[in-house]
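First up is the structure itself, then whatever we jot down about it.
Nothing in this text is a laboratory measurement; each read-out follows from the coordinates by a stated rule. Worth saying up front: this structure is predicted, and the values here are computed from it rather than measured. Positions of Cβ are generated from backbone atoms using ideal geometry, with glycine treated the same way; all protein chains shown enter the neighbour counts.
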Amino acid sequence: MEIEKQIQLRPRFEKIVTKPVNAIKESAESLKSSKKPSYIINLLDDHIWIYIGNENKKTYSPHLHLELEALENGNTKVKGLFGPEPALWTMFMFLHFVVAGIFIIFGVFAYSNWSLGQPSGIHITIMLLMIIAWFSLYFTARSNRKKGMPQAHELEKVMEEMLGDG
């Protein structure tokens, strides 16, 4: 897969494998103990999460979420999503909402002051700072994704071992 070339911060992919869902789950269960402590594999219904183990985990370490969907011909559609740790992603989303909220509030203040004929320079300055903050958040996330790319390839290898036709 060429996840480096995707623009999204959380790259997605779809893959059709010839193994049935149950065989993939059994393969995941067997890998769960053999890959420990380097990787943590969790299963719930038709979802599999693969995490980097605690010994190699960094703040930018990705995880891989796989959703298994049985097809009529006995094959399985695997939908994958690479992403940062859920706590880190939640923090980034929270910061995005704070920045957007501050931008909107000061936009309302700037418009009100402008319509009343009063100076609104400070409000516009704060709005510009929020735009800079938003770009900073985006480029920080891109940087973290780039730093985590070698570990994403490791997770991909574990996934390929799990999904391997055989």
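Projected label points at GLU161 and LYS79, each 7 Å from Cα along the beta carbon direction, are separated by 2.7 nanometres. Highest GNM mean-square fluctuation among LEU128, LEU116, LEU95, for the chain modelled with Cα contacts below 10 Å: LEU116.
Going by how many other Cβ atoms sit within 10 Å of their own, how do PHE92, PHE135 line up, fewest first? Kindly include the intermediate steps, with their values, before the conclusion.
Numbers: PHE92 17, PHE135 10.
Exposure proxy ranking, most exposed first: PHE135, PHE92.
Shown for the chain is the translational diffusion coefficient from the Stokes-Einstein equation, using the Kirkwood radius over Cα pairs, a temperature of 20 °C and a viscosity of 1.002 mPa s: 117 µm²/s.
Within region 89-143, all pairs of alpha-carbon atoms sorted by distance into 5 Å bins from zero give the percentages 4, 21, 24, 19, 13, 9, 6, 3, 1. Measuring nothing but how far apart in sequence close Cα pairs (under 8 Å, 6+ apart) lie, relative to its length, the chain scores a relative contact order of 26 percent. For the residue pairs LYS19/LYS146; LYS35/LYS147; LYS32/LYS77; LYS19/LYS58; LYS35/LYS146, the alpha carbons lie more than 28 Å apart in LYS19/LYS146; LYS19/LYS58.
Ordering HIS47, HIS65 by the number of other Cβ atoms within 10 Å of each residue's own Cβ, fewest first, gives HIS47, HIS65.
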